[in-house]
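Quick note: the coordinates plus some simple rules give every number you see, no bench work behind them. Keep in mind it's a predicted model, so treat the numbers as computed, not measured. Here the Cβ positions follow ideal geometry from the backbone for every residue, glycine too, while neighbour counts run over all protein chains shown.
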Amino acid sequence: MLGRFRTLLESYLFVLVVALLVGILVPQAQVLIAWNTLLLQAIFFLSSLKMDGNEILARLKDWRTLAISGVFMLVLMPLVVRGATLLLPENLAVFGFAFFLLAAMPSGMTSPLLSELVGGNQPLALVITAGTSLLAPFTVPLMVSLAYGSTVVVDIFGMMRTLVLVIFMPFILAMIVKRFMPKQVEQVAPRTKPISTILLGLLIAGAVAPHADRIIASARENILGFLLIILALFLFFGVLHALGYYAAWWKKRHDRSTVSVCLTYMNFTLAIFLAGTYFPDADVVLVLVLSIIPWATLLPVWKKVSTKLP
């Protein structure tokens, strides 16, 4: 019984459903907004505990792959998505911004694990994840400003400061803890996934709660629109997989698959946090939360597809 409950806590889809229900049906969940920064810091800290600083430094010699991956993920993809969204009707522009925000995110902290599951290069995934995460405080605000200009008003330096607080500080603290308490971290780190998942659920509930009325109204008025958003997200993730795989065309298959996973399974948690903090629009938050569905279900499909690619 306890094992089954633990499995549920580690399921992103289960957390998604519960968090959505709490955010929509429990008005008191809005109190979580004040804790969003701390929640995300805790998530990054627990994720960083699983990173090996020495392994990251050792892998920096493959600078070509790291540089191309970073530029592709943090600069080119957001610009490509922005260009594509310019073709959308004006009434769908807000949804386009949600897709842009996803494309601008660094690799998710679980990318090394996901890469291993598809037969990829876990150390390479670790370095790409660490590198893109540490660059994100600078690239994300700049890309929003470059792509949207005055269309989207954002405090660039305020966002940079926030991202430094939620990414750099937990990462540095985790490295310090690993340095002085290596044995304790080695025992605790593999068991932190349920805690991280609960924290993610709280973050999502807090982000959804302020927009509950708008989300309920949208669902009642346009259920087809909901289904189309989910379909568009699956298509979006599928395209990211393909682009990521061929971005490192000179590498072996398992390395290309690694880059594909790192690009596709972006840090949606960070995107939800930024949307709730700087772009509090119900439609943007909704798309970002629904992105968890392809994020949590598409990997087995990609695993089968990637084995047939050259």
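Some values worked out for this structure:
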quantity: Alpha-carbon spread of the stretch 173-282, three principal axes, descending order, Å; calculated: 54, 38, 24
quantity: Debye equation applied to the C-alpha atoms of the stretch 86-235, log10 I(q)/I(0) at 0.09, 0.17, 0.18 Å⁻¹; calculated: -0.42, -1.34, -1.42
quantity: Set K251/K308; K50/K251; K50/K193 screened for pairs whose C-alpha atoms are more than 20 Å apart; calculated: K50/K251
quantity: Full-extension gain in nm, L76 to V239, via 0.36 nm per residue minus C-alpha separation; calculated: 57.3 nm
quantity: Set of lysines with alpha-carbon distance to K304 below 19 Å, sequence-local pairs under 8 removed; calculated: K252
quantity: Ranked list, fewest to most other Cβ atoms within 10 Å of each Cβ, for M169, M143, M160; calculated: M169, M160, M143
quantity: Cα pair count fraction exceeding 28 Å, expressed as % - the stretch 28-306; calculated: 33
quantity: Helix-derived mean residue ellipticity, 222 nm - over the chain, DSSP H n ≥ 4, -39500 (n - 2.57), to 500; calculated: -22500 deg cm²/dmol
